[in-house]
1. Beta carbons within 10 angstrom, averaged per residue: use that to sort the peptides 154-164, 34-44, highest first.
2. Could you tell me the ratio Rg/Rh of the chain? Both radii from Cα atoms, Rh via Kirkwood.
3. Under the definition of Cα pairs under 8 Å and six or more residues apart, what whole-number percent is the relative contact order of the chain?
4. Which trypsin sites (Lys or Arg not before Pro) does region 51-121 hold that lie in a coil by DSSP with at most 13 other beta carbons within 10 Å?
5. With springs only between Cα atoms under 10 Å apart, run a GNM on the chain and tell me which of 200, 100, 80 wobbles the most.
6. If you put +1 on each Lys and Arg Cβ and -1 on each Asp and Glu Cβ, how big is the dipole of region 40-109 around its Cα centre, in Debye rounded to 20?
7. Considering only DSSP states other than H, G, I, E and B, which GluC sites (Glu not before Pro) in region 45-114 qualify as loop sites with at most 10 other Cβ atoms within 10 Å?
8. Order the peptides 184-192, 127-135, 22-30, 145-153 from the highest to the lowest mean number of other Cβ atoms within 10 Å of their residues.
Amino acid sequence: MSIDVVDLRNFYGQRLGVVARRFVGRGIRSLWRDTAGQRVLGIGYATPYLGLFREEAERCLAFMPAGQGVVKWPTTRPALSALVDENELPLVDSAVDRVLLVHGLEMTYDPAVLLREVWRVLAAGGRLLAVVPNRRGLWARMDTTPFGHGRPYSRTQINQLLRETWFTPTGWSEALYVPPVARGWFLRSAVAWERTGATLSAPFAGVHLVEATKQVYRAIPARREKRRLVPALEPALSPGT
């Protein structure tokens, strides 16, 4: 289900990818305004957006799934990226404060396993920010961009999945109202598309941006003890009597 890392890198090097990075990055920054002193981990292909936090965060790391492949990041500094098994992240429990999940949730074969692993490596009160294709948006319907690959989600589906994996959704946003068309007029009018879509709360945004916090104390459903009824034994005579 994964898309190759070379295709991801090439997309973000094109004009449409630059537009996507601009608007998605703006949405990410609106939810995470300050990461000073925080340990930030990107999972999937989050490197186009991790640069927003690299200078202010205590540490930034980029984990890329084995099925996708890995590229060096940052390109001109010591590498902070690594190829990993997304279901067994090479970190101890509670190792990071923030996780940015981009091109990850929709690509994995088992979203619940991935999110539980994210839960494990997040510190108490840690925050997850996931960028997920909107199943009602145009970007999920066209495979000419990475957002058209994998499994898109509705808000209801994301909310249910997060709660099942011990997260509490705390913030929502959308981005990419502009159609995924790499033509001059659409790209030049991208700002107008974004502004109009956000003002009208239009349902056809390309991606959801959802922030969630790690739920440390999970409610354990009470189970009523079942009573087993044992029938009374009837008296019987032994064969020798």
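1. Details: 154-164: 15.6, 34-44: 19.8.
Ranking the peptides 154-164, 34-44 by packing returns 34-44, 154-164.
2. Values: Rg = 23.3 Å, Rh = 19.4 Å.
Over the Cα atoms of the chain, Rg/Rh equals 1.20.
3. On the way: 430 pairs, mean separation 46.6, N = 241.
19 percent.
4. Working: sites: 54, 59, 72, 98, 116, 120; in loops: 54, 72.
Passing both the DSSP loop test and the Cβ count: 72.
5. Fluctuation is largest for 200.
6. Working: 5 positive and 9 negative charges, 67 e Å.
In total the dipole reaches around 320 debye.
7. On the way: sites: 55, 56, 58, 86, 88, 106; in loops: 55, 56, 58, 86, 88, 106.
Of the GluC sites (Glu not before Pro), the ones in loops of region 45-114 whose Cβ has at most 10 other Cβ atoms within 10 Å are 55, 88.
8. Values: 184-192: 12.6, 127-135: 24.2, 22-30: 17.4, 145-153: 21.4.
Peptide ranking by packing, descending: 127-135, 145-153, 22-30, 184-192.
Rule-based calculations on the coordinates, nothing more; no lab input. What you see is a predicted model, and the numbers here were worked out from it, not measured in a lab. Cβ sites come from the backbone with ideal geometry, for glycine too, and all protein chains shown count toward neighbours.
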